[in-house]
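J.: Just passing along the structure, written as structure tokens.
Readers should treat all values here as calculations from the given coordinates under stated rules, not as data from a laboratory. None of these values were measured; they are calculated from a predicted model. Here the Cβ positions follow ideal geometry from the backbone for every residue, glycine too, while neighbour counts run over all protein chains shown.
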Amino acid sequence: GAGVSQSPSNKVTEKGKDVELRCDPISGHTALYWYRQSLGQGLEFLIYFQGNSAPDKSGLPSDRFSAERTGGSVSTLTIQRTQQEDSAVYLCASSLAAQSYEQYFGPGTRLTVT
Amino acid sequence: GEDVEQSLFLSVREGDSSVINCTYTDSSSTYLYWYKQEPGAGLQLLTYIFSNMDMKQDQRLTVLLNKKDKHLSLRIADTQTGDSAIYFCAEFHAGKSTFGDGTTLTVKP
């Protein structure tokens, strides 16, 4: 069956440009998470969506980062005016419900800001 | 805030047991779990343990939880070269997960 998909798989952008990263969760999963994995580091929580509730944005590192989830399915993470420190792998995960511990991860988008 | 710590590297010989250790700070964690990340691949849930348990065994994997010390360990018996990967410890509470930085396990033939 289809898992979590993310696009693009790789993105190279110039400093100062905006980027959009897309996540397609598993159909029927109501919870969706975004994480950032910097080189050699663990996962840094960014934001999560649960159904129609207001998203938990507590992990977003700055106001240059925003995310939305349309129709309770696809999500887009937008980074405005990218900086070199934004270079990382951005991972999306979904789970059946917010209280479900088992998250299914996508393959990630590797973002490189030059 | 919540914090999860684990050692960064572990190297073992094929056939030996591997033990990966993790400590966490959030005493309200409802689940603790281990994810495996193979080179170039996404994270996959390896095993989990409820916070009211102290041990869970699943084939070659044994998870031990010491709630008093907030210490979690993953033991892999008869480690194989295919077990080489990064192992992430994580705790889950109120809809959010906090991950450690990952332990890179290298299995030498």
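J.: Out of all DSSP beta bridges in the protein assembly as shown, what portion is antiparallel? Express it as a percent rounded to 5. Show your work: numbers first, answer last.
T.: Working: 73 of 82 bridges.
Around 90 percent of the beta bridges assigned by DSSP in the protein assembly as shown are antiparallel ones.
J.: Within 10 Å of each Cβ in peptide B:38-45, how many partner chain Cβ atoms are there on average? Round it to a whole number, please. Mind showing how you got there, number by number?
T.: On the way: counts 0, 0, 2, 3, 12, 11, 2, 5.
Average neighbour count from other chains, rounded to a whole number: 4.
J.: Using amide H atoms built 1.01 Å from N in the peptide plane, name the residues 5+ places from B:SER84, or on other chains, whose amide H lies under 5 Å from its own.
T.: Here B:VAL107 satisfy the definition.
J.: Quick one: if the Förster radius is 30 Å, what FRET efficiency do B:PHE9 and B:MET55 give, using the C-beta to C-beta distance and rounding to 0.05? Each step should come with its number before you reach the end.
T.: Values: r = 26 Å, r/R0 = 0.85.
So the FRET efficiency works out to roughly 0.75.
J.: Also: Per residue of A:33-44, count partner chain C-beta atoms within 10 Å of its C-beta, then hand back the mean as an integer. All intermediate terms of the calculation are to be shown ahead of the outcome.
T.: Details: counts 3, 0, 3, 0, 7, 1, 0, 5, 5, 12, 12, 2.
Taking the mean over all residues of the peptide, I get 4.
J.: Still on this structure: Which value, in debye to the nearest 20, gives the size of the charge dipole of chain B about its Cα centre, when Lys and Arg are +1 and Asp and Glu are -1 at the Cβ?
T.: Working: 10 positive and 14 negative charges, 34 e Å.
With Lys and Arg at +1 and Asp and Glu at -1, about 160 debye.
J.: What list of ³J(HN,Hα) values in whole Hz, one per residue of region B:24-32 in order, does the Karplus curve 6.51 cos²θ - 1.76 cosθ + 1.60 (θ = phi - 60°) give from phi, with Gly and Pro shown as x?
T.: 9, 10, 7, 6, 8, 4, 8, 9, 10
J.: Report the one residue of A:PRO25, A:SER75, A:THR109 whose Cα lies farthest in the direction of the positive end of the charge dipole of chain A (charges on C-beta: Lys and Arg +1, Asp and Glu -1; origin at the Cα centre).
T.: In chain A, that residue is A:THR109.
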